[in-house]
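First comes the structure, then the notes that go with it.
The values are calculated or read from the model by the stated rules, or taken from the named source; none is laboratory data. Computed from a predicted structure; not experimentally measured. Glycine also receives a Cβ, built like all others from the backbone with ideal geometry; neighbour counts cover every protein chain displayed. In case anyone asks, the SASA skips ligands and DNA or RNA and just uses the protein heavy atoms, side chains included. Shrake-Rupley method; radii C 1.70, N 1.55, O 1.52, S 1.80 Å.
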Amino acid sequence: MDEIVLTSATRNALQSLQRTNNLQSDTSRRLSTGLKVERATDDPVAYFQSKALTDRVSDLRDVKDNIGQALSSVETALVGTEAIDDITQQLRGLLTAARSGSDEQRAAAAEQFDQLRQQISALAGDTSYQGTSLISDDARDLTVRLNETGSSAATVDGQRSGAGSLGIGSAADYNGFASTGDIDAAIADLESASASLRTQAAGLGSDVALLNTRETFTENINNTLQTGADKLRNADLNEDAARQLALNVRSQLGTEALQIAQQGQLGILQLF
């Protein structure tokens, strides 16, 4: 069968209409997905730059989660440290009252002292977060990764805070508080333990502040990276909506141009 030959005017009108339809299809896709770069073929450079940014965002989310968990561990240790200091204050109050007491009262104070002293070690052991304890008798340092490559990290020092580790002996170590000198020796050790606990609490507070800062910093970096990735891939919906309206008008004009070209051919045919 002989090939149908289109006139130059008809071919031009048809090609223009096809280009318009393709542009309409692309614009409709951007409006429906909100993306101007959905696949690598849309814009290879923008696509892979955006992917690199979003991959880093994903990695930093893991870092932020890790910092958040470490922060909870340190905050837990801080709460435990302050509670142990409260117990040491109770012990000091108990011994201060026993100073002017009778032998019987001192014996009773010795029994109460040992009971409270046991609570120090018990509390230190109970102060843990998801299996991590920074103040128990087997406390270890906690290393926190601060970036996605692991090149930046912070170490939170573990502080053994059981009664023995704090230098608080049992009542028997102080001769059952038989004399005022024995009581004074115990009070001195309690004061030393309390000073250590307060120094420890200050250090943990500093660690909390650091981790809070790094957590906020990581969140802000993530937001910045995600915004950059969005700029590379997201469509300008206002611009695309206006373009779609213009393309609709162009499509109508193209259809009319094609009809006019065909009518010209029909007019020539009618001459014969």
Quiz item: How much of the accessible area of the stretch 149-229, in percent, comes from carbon and sulfur atoms when a 1.4 Å probe is used?
Solution: 49
Practice problem: Please work out the Kirkwood hydrodynamic radius for the stretch 61-145, using every pair of different C-alpha atoms, and report it in angstroms with one decimal place. | Solution: 14.8
Quiz item: What FRET efficiency, computed as 1/(1 + (r/R0)^6) with R0 = 22 Å and r the Cβ-Cβ distance, is obtained for T199 and Q89, rounded to the nearest 0.05?
Solution: 0.90
Quiz item: Excluding ligands and nucleic acids, what accessible area in Å² is computed for D138 using a 1.4 Å probe, to the nearest 10?
Solution: 110
Quiz prompt | Surface accessible to a 1.4 Å probe, per residue, for the residues of the stretch 118-195, Å² | solution = 48
Exercise. State, to one decimal in nm, how far the label point of D126 lies from the label point of A46, with both points 7 Å from Cα in the Cβ direction.
Key: 6.0
Quiz item: What per residue convex hull volume, in Å³, comes out for the stretch 99-246 when only alpha-carbon positions are used?
Solution: 159
Quiz item: What ³J(HN,Hα) values, in whole Hz, does the Karplus curve 6.51 cos²θ - 1.76 cosθ + 1.60 give for the stretch 56-72 when θ = phi - 60°, with x put for Gly and Pro?
Solution: 5, 4, 4, 5, 6, 4, 5, 4, 4, 4, 5, 5, x, 5, 5, 4, 5
Quiz item: Hey, what's the stretch 40-102 come to in accessible area per residue, 1.4 Å probe, Å²?
Solution: 49
Quiz item: Using 0.36 nm per residue, how much length does the chain from R39 to A172 gain when fully extended, once their Cα-Cα distance is taken away?
Solution: 40.2 nm
Practice problem: Starting from the Cα-Cα distance between D103 and Q119, subtract it from 0.36 nm times their residue separation and give me the gain in nm to one decimal. | Solution: 3.3 nm
Exercise. Using a 1.4 Å probe over the heavy atoms of the protein chains, calculate the carbon and sulfur portion of the accessible area of the stretch 31-144 as a whole percent.
Key: 45
